[in-house]
């Protein structure tokens, strides 16, 4: 497929050569390498790319010796360290290089915030710009074509997701590629963490999470179903989250007696991978999970939009013990905004007045007729 311009490219370019390291997170296959190589191409002869999964690269960067590392980089202005978490003590390597050669721009990418963030957070405190690259966003898909370009692809996005490599493939090829990504990444790379060996447990956990999409998740119930303990479930979900496979929403509460306060919901960063996990690529007219797919789609696209706008919003869901609920809550700019996601535009909607009055909040319905406003695509 032809290269689709990514929203983060402009944001990253604006922060180049500010005497800070740029860190780019994102799952494998979302286009991190393509993006950084495209930016490097704008510095012919002055930029270098290093794959940190290659042993020779690891060996040359393992000793924290600035002159040796600079010699390895060569006479360049900008360096990309792809999958930088593979380098031992990468945080100290980056700090020392920044101290000794502040004019050198280093971009470090990582497919796991679990590993890379732990290694760079302390050495680079206040000395880095951090970004997360997701699968293709609607703003990227529709660029130059408008909302109509999305409408024609909406069902495919809900069925096959928006991984760049998958997005333009025909159905059968898309299914095959998604299954390959799931097998090569979800069940292999994720197992590297903590020396995990039970791929069957991860597979079963992901299937349970996929089937509970849009519902509150009980770690205790998951543990019982999987035959492991609750803390292990929490650890595995934490790893899946920090590997950009899933993300969680926590319950919103200001200690109101009737409100759920400790529950979580779990969503997938890409619906294609979610559907691969349960091997269900059926068309929407044959599915009973249309509402859950729509909810996941809207929330993950909102996350991409917030990243694009660099908006630091706190995100939640809200529910009471009497089953009054709001699917998605955002808190930013001193305001609380709620949203309900309805696949059927004609479905009636009545905002829960308890939420509106208690928090001086607004609640809007997001459906197929107005989602573009929610995602600020107009």
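From its DSSP helices (H runs of at least four residues, each -39,500 (n - 2.57)), the chain gives a residue-normalised ellipticity at 222 nm of -11000 deg cm²/dmol. Remark on the chain: Rg and Dmax equal 21.7, 67 Å (Cα only).
For the listed peptides 211-221, 334-344, a ranking on the average number of other beta carbons within 10 Å per residue, highest first, reads 334-344, 211-221. Translational diffusion of the range 223-364 was estimated from the Stokes-Einstein equation, with Rh taken as the Kirkwood radius over Cα pairs; at 25 °C and 0.890 mPa s the coefficient is 146 µm²/s.
If you sort the three axes of the alpha carbon gyration tensor as a ≥ b ≥ c, you get a/c of 1.5 or more for the range 268-310 and a/b above b/c, which makes it prolate. Counting only alpha carbon atoms, the long axis of helix 230-242 and the longest principal axis of the chain meet at about 60°.
Expressed as an acute angle from 0 to 90° and rounded to the nearest 10, what is the orientation of the C-alpha long axis of helix 171-181 relative to the principal long axis of the chain? In the chain, helix 171-181 runs at an angle near 60 degrees to the longest axis.
Peptides 64-70, 94-100 ranked from most to least packed give 94-100, 64-70, packing being the mean of other C-beta atoms within 10 angstrom over each peptide's residues.
Inter-part distance, the range 123-189 to the range 71-105, computed on C-alpha centroids, equals 29 Å. For residue 14 and residue 122, a Förster radius of 30 Å and the Cβ-Cβ distance give a FRET efficiency of 0.70, rounded to the nearest 0.05. With viscosity 0.692 mPa s and temperature 37 °C, the Kirkwood radius over alpha carbon pairs of the range 7-132 converts through Stokes-Einstein to a diffusion coefficient of 230 µm²/s.
When the alpha-carbon atoms of the range 159-301 are used, the pair Rg, Dmax equals 15.7, 51 angstrom.
Helix 290-308 and the long axis of the chain differ in direction by around 40°, with both axes built from C-alpha atoms. Placing a label point 7 Å from the Cα of residue 290 along the Cα-to-Cβ direction, the residues of the range 339-358 whose backbone N falls under 14 Å from that point are 342-348.
Values quoted throughout were computed directly from the atomic coordinates according to the rules given, and no laboratory measurement underlies them. Keep in mind that what you see is a predicted model, and the values were worked out from it rather than measured. As a convention, Cβ positions derive from the backbone with ideal geometry for all residues, glycine included, and neighbour counts pool all protein chains shown.
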